[in-house]
């Protein structure tokens, strides 16, 4: 009793690379196509076919490595990992064991801790298996087979789920800045396996670890880490021992289950793939790649502060996603004052991302549309309220703000008669508020303005409405 | 009984290769494998200290060889071509025994 | 007699309009009808399609669109080279009904050159064997003596050329599979330098050693076929760029080519239990080369006792992985079992023959945990040592001369008696595969029983021209 345990976590992060074609053949990598239509003899593992490495895979993998301060191996090679399973048409996965493309990197969390990267290797993704309830058989779609992945393997440097999430968020930002991947957990372009063990506080010896798979959201990762830590602690406290195994997280049940039967032989018989000669990456090639790395978040943030006068806090949030930062910058480039753009994004933009649980990548509003929207607002052709409505509508649909405003007749009403009639109607229907106002309660006026705006569907200028109310009530 | 059978090695190798041996074949296969392993064992006699393994005979030092391809889309197979040799199919899918 | 012409002679007559493409093709099919029941060179014939193609090629030849040395020539292809729309079995039950949706690069290049693909030749299952007796579709018999083996694994290709059931053929050579049957059947067989011919569409046995090679009636045909199929292929990362090599043109030198050549003959080759008649052929070839102006010399090559175990360790290791894809899921045979694993087991146990299973077991063993370093990795190190000895030899010699196989064609059934003993017969051929070097088997005389015997010439990487020149000199009376 009374022993304190510490959780020790290492990650294996699989990232699908944003190439046009697969890692070893010319098939498209598109998502959501009809089953078995993005395939060729190579990625179907047909007899006689050979893999040929996609140059872009080497470039993207090495770029991610350089951004994570890795050493890029001058000679990198592919190995076969042999195991029978129908999602892999060859029954071996081409991966990298002996000479991965990158080694020994690090990522420093914003709170200061450094997580060491053990290695980054490139490999091929597998096909998709679907269970058929009716026949009790399994259906296979090989469209994903051969889509390039990198696996980023960290050292066991994490001590909590929060650190893991902080790392993943920073990693995702970095990879998005490089445009190396979509990084979507739900679609599986970012997949995280958690290796977790516990050890007595202060002890040097690591415990036996388990590997957790099927973690489809940051929320699931956090929860699985907590639950698995507790499960291991209970076992140890009961005098049991942890078995080295792979477990599958069931998010609905909130618990995990062992994935493979124990009697199965696990011997991957790795050996260098004789179809793929070693790839020699010259110093010059690596330096060119390094010099072409895009501006990363830290530099961009500093530049936003300096160049656009954006406050530090805003700059931090605006650069949190390359897609948000890019929308900001491209809109500003069209001549819109930075302050206006950042106000919209910081207020409405961040709110919408949060409420709609949207990824910034999926923002559809174009810089041109955004600029026109702000111009309409500035020219008082639409009110602030309408501007917000239009922004929300265009944000994830990409519709043209001007067309939207015109189509729905959202232009600010300048018709004096209509406005006057509406105000008169509001006064007539809100006797109590009128009395309150006339009795000296300024607040009541705000209410009346609000009622009028509502009746005008937001299409009146609040200042005009206020002036009109004051005029009509100042007998 | 041959050592490879006694030590469970034959069963392990069969499991890896996904091959089954009938009871009657086991003895013969075990002895044969043992004989073959003993034969290839003689490569152990040669001193290879300091010698690097040779994986690839013609492109080992070739840096500019035909090792990489450009990221360009190439026409693949049609759905029908992809599935034409499938032992079992249903709609757009290959059908395999239950995996879960 | 059309069938007695070489491929080059035939194509010349076709170009001149003296023989029609269909006429040549029909002659071949008549020959096949006469001999095929006895010899069984082919697994699948491409009769209908070939006739249609012959008419198309004839039009192109007549209109001058096709002028190359293979236009209109009926050619056979080993059944481990994928042919679009024509079943490709690899000699196995596993692929008995497999129809590839694409052509192997070597096949596609032959088609472009106007060669007529007449059928797919018999072979040892997955090219594992040296007698064409492990084929799931029955053995091929030697045209010189039907009680004897045609050799293997490209036995169907070699026998078909020898029996005039085609004008030339493609084989594949991983440990001697082109050269040894060529020797047994009395035809020319060449294994090019690894990387010379694309392996795209060649059903892999051992990826780091497999090469496609010509099986022909003479050295000129061999050069013509090689010129057609060689070259860089973006679908094979191990294929090698070599600009504008015309092997046929390299033969214009004629007999003088042997003048001044330094020929080494490994002394060990005479101590490894080869038949005297085989060794006599080697000595005779050495004398002949000397007469032609070459310098011949015996020398000690070294490490010859290690080549066979090294070869089988590496080849079986790679094969065990290459053949994992045959599992009854996507194509080929499926023997339904109770659940996934049982289906794998039944499919593979029933789909593969004995020799393949033997090699798959050894292959899984040499790659498995605890044994990888001592076997597979060790063999790769020995492989480098073997290459060093050969590279060293080529500092002193232009070519190495030796036997192809320890005996002339053995009686049918011999290979199956003692599998390990059968492996040992590869001792002269596997070095070229382990090191990637080019080697050629050339018919050179007969045994007392009238069986053909070949001799082997090996050259340094990418020295095929020299190999062909010496071969041509040696084959001229």
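We did not get these values from a lab; they are worked out from the coordinates using the rules stated. Keep in mind that this is a model prediction, so the values were computed, not measured. Quick reminder, even Gly has a Cβ in these numbers, built from the backbone with ideal geometry, and neighbours come from all protein chains shown.
With a Förster radius of 51 Å applied to the beta-carbon distance between residue A:348 and residue A:266, the computed FRET efficiency rounds to 0.45.
Once you have a ≥ b ≥ c as the square roots of the Cα gyration tensor eigenvalues for region C:2-252, tell me rounded if a/c is under 1.5, and otherwise prolate or oblate according to whether a/b is larger than b/c. Because its axes are fairly even, with a/c under 1.5, region C:2-252 counts as rounded.
Answer rounded, prolate or oblate for region A:5-287, using the Cα gyration tensor with square roots of eigenvalues a ≥ b ≥ c: rounded when a/c is under 1.5, else prolate when a/b is larger than b/c, else oblate. Before the final figure, lay out each step's value.
Working: a/c = 1.70, a/b = 1.24, b/c = 1.38.
It comes out oblate by the Cα gyration axes.
In µm²/s, what is D for region C:264-305 at 20 °C and 1.002 mPa s, where D = kT/(6 pi eta Rh) by Stokes-Einstein and Rh is the Kirkwood radius from Cα pairs? D = 195 µm²/s. Sorting the segments C:80-93, A:420-433 by their mean number of nearby beta carbons within 10 angstrom, highest to lowest, gives C:80-93, A:420-433. Comparing B:34, B:20, B:90 in a Gaussian network model of chain B where C-alpha atoms under 10 Å apart are linked, the largest mean-square fluctuation is found at B:90.
The mean number of partner chain beta-carbon atoms within 10 angstrom of a residue's beta-carbon across peptide B:7-16 is 6.
With a 10 Å cut-off around each Cβ of B:44-52, the average count of Cβ atoms from other chains is 5. For chain C, the 222 nm mean residue ellipticity estimated from helices alone, with every DSSP H stretch of n ≥ 4 adding -39500 (n - 2.57) and the total spread over all residues, rounds to -11500 deg cm²/dmol. What separates the Cα centres of region A:3-37 and region C:284-358 is a distance of 35 Å. First check a/c for region A:416-473, with a ≥ b ≥ c the square roots of the eigenvalues of its C-alpha gyration tensor; if it is under 1.5, answer rounded, and if not, answer prolate when a/b is larger than b/c or oblate otherwise. Prolate shape, in that a/c is at least 1.5 and a/b is the bigger ratio.
Once the C-beta distance of residue C:56 and residue B:92 is scaled by a Förster radius of 41 Å, the resulting FRET efficiency is 0.70 to the nearest 0.05. Reported value for region C:6-68: 90 Å³ per residue, from the convex hull of its C-alpha atoms.
Counting Cβ atoms of other protein chains within 10 Å of each residue's Cβ and taking the mean over peptide C:306-314 gives 4.
Rounded to the nearest 5, what % of DSSP beta bridges with both residues in chain A are antiparallel?
95 percent
Rg/Rh, computed from the Cα trace of region C:282-363 with Rh as the Kirkwood radius, has the value 1.36.
Evaluated at q = 0.19, 0.21, 0.22 Å⁻¹, a Debye calculation over the C-alpha positions of region A:137-263 (equal weights, vacuum) places log10 I(q)/I(0) at -1.20, -1.36, -1.44.
Note on residue A:109 and residue C:421: the model spin-label points, each 7 Å out from Cα along the C-beta direction, lie 7.0 nm apart.
Restricting things to Cα coordinates, could you compute the convex hull volume per residue of chain C in Å³?
Once divided by residue count, the hull of chain C is 136 Å³.
Summary of the geometry: region C:53-129 and region A:141-214, compared by the centres of their Cα atoms, lie 49 Å apart. Model label points for residue A:251 and residue A:446, set 7 angstrom from Cα along the Cα-to-Cβ axis, are 4.1 nm apart.
Be a star and scan region A:3-33 for residues whose amide nitrogen sits under 20 Å from the point 7 Å along the Cα-to-Cβ vector of residue A:165. The answer is A:7-14. Rounded to the nearest 0.05, the FRET efficiency derived from the C-beta distance between residue C:446 and residue C:283 at R0 = 22 Å is 0.90. Size descriptors for region C:425-477, from the alpha-carbon set: Rg then Dmax equal 12.4, 37 Å. Radius of gyration over Kirkwood radius for region B:3-44, both on Cα atoms: the Rg/Rh ratio is 0.99.
Rounded to two decimal places and with Rh computed the Kirkwood way over Cα pairs, what is Rg over Rh for chain A?
1.09
By the equivalent-ellipsoid construction on the alpha carbon gyration tensor, region A:23-129 comes out with semi-axes of 30, 16, 13 Å, ordered largest to smallest. Full extension of the chain segment joining residue A:358 with residue A:312 gains 14.2 nm, where the gain is 0.36 nm per residue of separation less the Cα-Cα distance.
Each eigenvalue of the Cα gyration tensor of region C:198-278, multiplied by 5 and square-rooted, gives one semi-axis; in descending order these are 28, 22, 13 Å.
Separation of region A:358-373 from region C:368-395 is 61 Å, based on Cα centroids.
Where only DSSP H runs of four or more residues are counted, chain A gives -11500 deg cm²/dmol as its mean residue ellipticity at 222 nm, each run worth -39500 (n - 2.57).
For a distance above 43 Å, tell me the whole-number percent of Cα pairs in the protein assembly as shown that qualify. Distances greater than 43 Å cover 48 percent of the Cα pairs. Computed from the C-alpha gyration tensor, the three semi-axes of the ellipsoid equivalent to region A:297-408 are 23, 16, 11 Å, from longest to shortest.
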